[in-house]
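Just so it is clear, none of the values below were taken in a lab; they were calculated from the coordinates. These numbers come from a predicted model, not from an experiment. So basically every Cβ, Gly included, is an ideal-geometry build from the backbone, and we count neighbours across all protein chains shown.
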Amino acid sequence: MSNTLIVDFSHFLDENGDMAPLPGAAERLFLQLAAIIIMATHPDSETLPEYQVPCRRRPQRKPCPGTIQADLDDETEEIVWWCPICQDTGIISNWQETLWDMTDADIEH
Ligand SMILES: [Zn+2]
């Protein structure tokens, strides 16, 4: 059984669009979600190694070796992510036009 972590990303941001002051655990979650947003919205279809997001879960107290996969839902524009190893899953909404939205990034090919 797996739980889906549903996050409204705007709740993590202050009025300037920066990361709001967060307690440690929330900050770590924020950083992971921000990395997932960058990965999911990056125009390159291949995920470069530097954009890969390691799974943060520790089943049986061992770090999960999984790498997070993510997809954009065309209908809802939510980012759906999951770990193929431990089945950790989540949904991110309200990520659009944040500092971590790479949709308009200029990438030279
Ligand atoms: Zn995992």
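Worth pointing out:
- Segments 58-65, 77-84 sorted - mean Cβ within 10 Å per residue, highest first: 77-84, 58-65
- The 3J(HN,Hα) values that the Karplus relation (6.51, -1.76, 1.60; θ = phi - 60°) gives for segment 56-69 are, in residue order, 9, 7, 10, x, 6, 6, 10, x, 5, x, x, 10, 5, 9 Hz. Gly and Pro appear as x.
- For the chain, the relative contact order works out to 34 percent when only alpha carbon pairs closer than 8 Å and six or more residues apart are counted.
- Taking every DSSP beta bridge that has both ends in the chain, the antiparallel portion is near 65%.
- Sequence-distant residues sharing a close amide H with residue 5 (under 5 Å, placed H): 89, 90, 91
- 222 nm mean residue ellipticity, helices alone, for the chain (DSSP H n ≥ 4; -39,500 (n - 2.57); rounded to 500): -5500 deg cm²/dmol
- The chain shape via C-alpha gyration tensor axes, a/c threshold 1.5: oblate
- Annotation: the residues 95, 100, sorted from fewest to most other C-beta atoms within 10 Å of their own C-beta, follow the order 100, 95.
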